[in-house]
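The values are calculated or read from the model by the stated rules, or taken from the named source; none is laboratory data. Since the model is a prediction, treat every value here as computed from it, not as a measurement. FYI the Cβ positions are ideal-geometry reconstructions off the backbone, even for glycines, and counts take in every protein chain you see.
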Amino acid sequence: MRTNGARFIDSDPIARLLLLSYFEPDDITKLVRAIRATRTPAGTRIYVGSYGVNATVSREVHSLTRGLYAPMFPIKPTSFWTRRRVDAEQPRYAGKLPSLTTLLGLPAPERVAWGRELGRRFRDEIREAEGEGVRVDAWQFDELVAELSGSQGRAWRDFTRGALHGLNFGRSEYADGPRVGFVWASRRALHIAGLRVDAELRAFWRALASATYGLVGEEYPPFEGNPEDVAREYAAEQRELARRGAIRKELAARYVVGMTPGWHLARGLGGNVHGWPRSEVNRWRAKYVEARAAMGVFGFGAFYFRFENSSEQVMRDTIAGLARGLGKA
């Protein structure tokens, strides 16, 4: 399916999926070599991308037989908040987005409208790049933040819903069509799966489902304890989605397990917290991934190939571990 030259994800629900995200553009050659060195199951779609659209990264990714390019866009303030870069309707939303504090205090329709404008700015970058010959196959949204289930959850959900809508549908005046992608989600954000659905939450779930090809749960487990037990614990959010209404069940069916390579230790990233040798890290990861695959997942993803995680050996180990899991999914 194509509209205005855009590429759309093939939505085959049984396809195996590997998603590799967040790296320095200068490291893409190493990452591509690591992918080539790994035997992934036949038919695996390998999506690769980091923040923003990058022509060189796109070319490198598409040099892979099954490589697909999916740049990432963040919901929290970046240069996209500064101004609109194209001529478009609704001039009221052409300038700088309000500060987060101001934005979250606006009436709900305004929160949604500003979120929609932010998402459309993401699509603007994709559209402009494609106009220059850059091939873009999908997008990644970073992220469903923990605040979605907090005291300002309604305000955050309004803004996020708008951003997902804008990224999905783009601008009608530029003939953008629906375009789904990957949505990364913190574990705490997914606690909203257990909330009673009212009109606001119904609108949120519909917007999320409409935009989402793969929902990537940021599991990021610390490498410790029995990996099978840890896998059961960290699958809780997927299980909660699966036991709820139809839309949430569909998102559970498209759940991608998000991990990190484990060698760069930072808050919230888990990983090799006990300084294990490479062999032990690989062994623990393999058992965790196998356990999660046995529970039924749409695919596996890895986030944060930077600093200690950017060595080619770490890349190879990580991708190989996830690929083995895909063979069992």
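Taking each residue of segment 239-268 that is in contact (Cβ under 8 Å) with a residue 24 or more places away in the chain and hydroxyl-bearing (S, T, Y) and looking for partners that are part of a helix (DSSP H, G or I) and surrounded by 21 or more Cβ atoms within 10 Å (Cβ to Cβ) with beta-carbon atoms closer than 6 Å, six or more apart or interchain, yields Y255/Q238. Of the candidates G95, G115, the single residue that is without any contact (Cβ under 8 Å) to a residue 60 or more places away in the chain and assigned to a loop (DSSP other than H, G, I, E, B) is G95.
Among the listed residues A207, A211, which satisfies the condition of being among the aliphatic types (A, V, I, L, M), more than 24 Å from D317 (Cβ to Cβ) and in contact with a Pro (Cβ under 9 Å, 6 or more places away or on another chain)? Within the list A207, A211, the selection yields A211.
Considering segment 41-60, the residues that are within 20 Å of the chain's Cα centre (by Cα) and β-branched (V, I, T) include one that is surrounded by the fewest Cβ atoms within 10 Å (Cβ to Cβ), namely T44. Taking the criterion of being exposed (fewer than 13 other Cβ atoms within 10 Å of the Cβ) and touching an Asp or Glu at 6+ places or on another chain (Cβ under 8 Å), the residues of segment 269-296 that qualify are H274, R278. In segment 1-33, of all residues being at pLDDT below 95 and in contact with a Phe, Trp or Tyr (Cβ under 6 Å, 6 or more places away or on another chain), the one that is nearest to A323 (Cα to Cα) corresponds to I9.
Within 20 Å of N54 (Cα to Cα) and over 21 Å from the mean Cα position of the chain (by Cα) - does that describe any residue in segment 110-128?
yes
In segment 238-252, of all residues being hydrophobic (A, V, I, L, M, F, W, C) and surrounded by 15 or more Cβ atoms within 10 Å (Cβ to Cβ), the one that is farthest from E224 (Cα to Cα) corresponds to I247. What about F122, is it in contact (Cβ under 8 Å) with a residue 60 or more places away in the chain and either part of a helix (DSSP H, G or I) or touching a Leu at 6+ places or on another chain (Cβ under 7 Å) (or both)? For F122, the condition - in contact (Cβ under 8 Å) with a residue 60 or more places away in the chain and either part of a helix (DSSP H, G or I) or touching a Leu at 6+ places or on another chain (Cβ under 7 Å) (or both) - is not met. Residues in segment 285-313 that are among the charged types (D, E, K, R) and in a helix (DSSP H, G or I): R285, K287, E290, R292, E308, E312.
Taking the criterion of being of a type in the set (D, E, K, R) and buried (at least 16 other Cβ atoms within 10 Å of the Cβ), would at least one residue in segment 79-88 satisfy it? There is at least one residue in segment 79-88 that is of a type in the set (D, E, K, R) and buried (at least 16 other Cβ atoms within 10 Å of the Cβ). Evaluate segment 54-64: report whether one residue or more is of a type in the set (S, T, N, Q), out of contact with any Ser or Thr (no Cβ under 6 Å at 6 or more places or on another chain), at pLDDT below 95 and more than 30 Å from G95 (Cα to Cα). No - not one qualifying residue is present in segment 54-64. Remark: L190 falls outside the filter, which requires a residue to be closer than 19 Å to P74 by Cβ and touching a Lys or Arg at 6+ places or on another chain (Cβ under 9 Å). Among the criteria (1) at pLDDT 95 or above; (2) in a loop (DSSP other than H, G, I, E, B), the one R316 does not fulfil is (2).
With the structure loaded, tell me whether H165 is under 14 Å from I75 (Cα atoms), at pLDDT 95 or above, surrounded by fewer than 24 Cβ atoms within 10 Å (Cβ to Cβ) and not hydrophobic (A, V, I, L, M, F, W, C) or whether it fails that test.
yes
If you check L265 against the conditions, is it of a type in the set (A, V, I, L, M) and closer than 22 Å to G115 by Cα? It is false that L265 is of a type in the set (A, V, I, L, M) and closer than 22 Å to G115 by Cα. Quick one: would you say V216 is in contact with a strand residue (DSSP E or B) (Cβ under 7 Å, 6 or more places away or on another chain), closer than 30 Å to E280 by Cα and of a type outside the set (K, R)? Yes: the conditions hold for V216.
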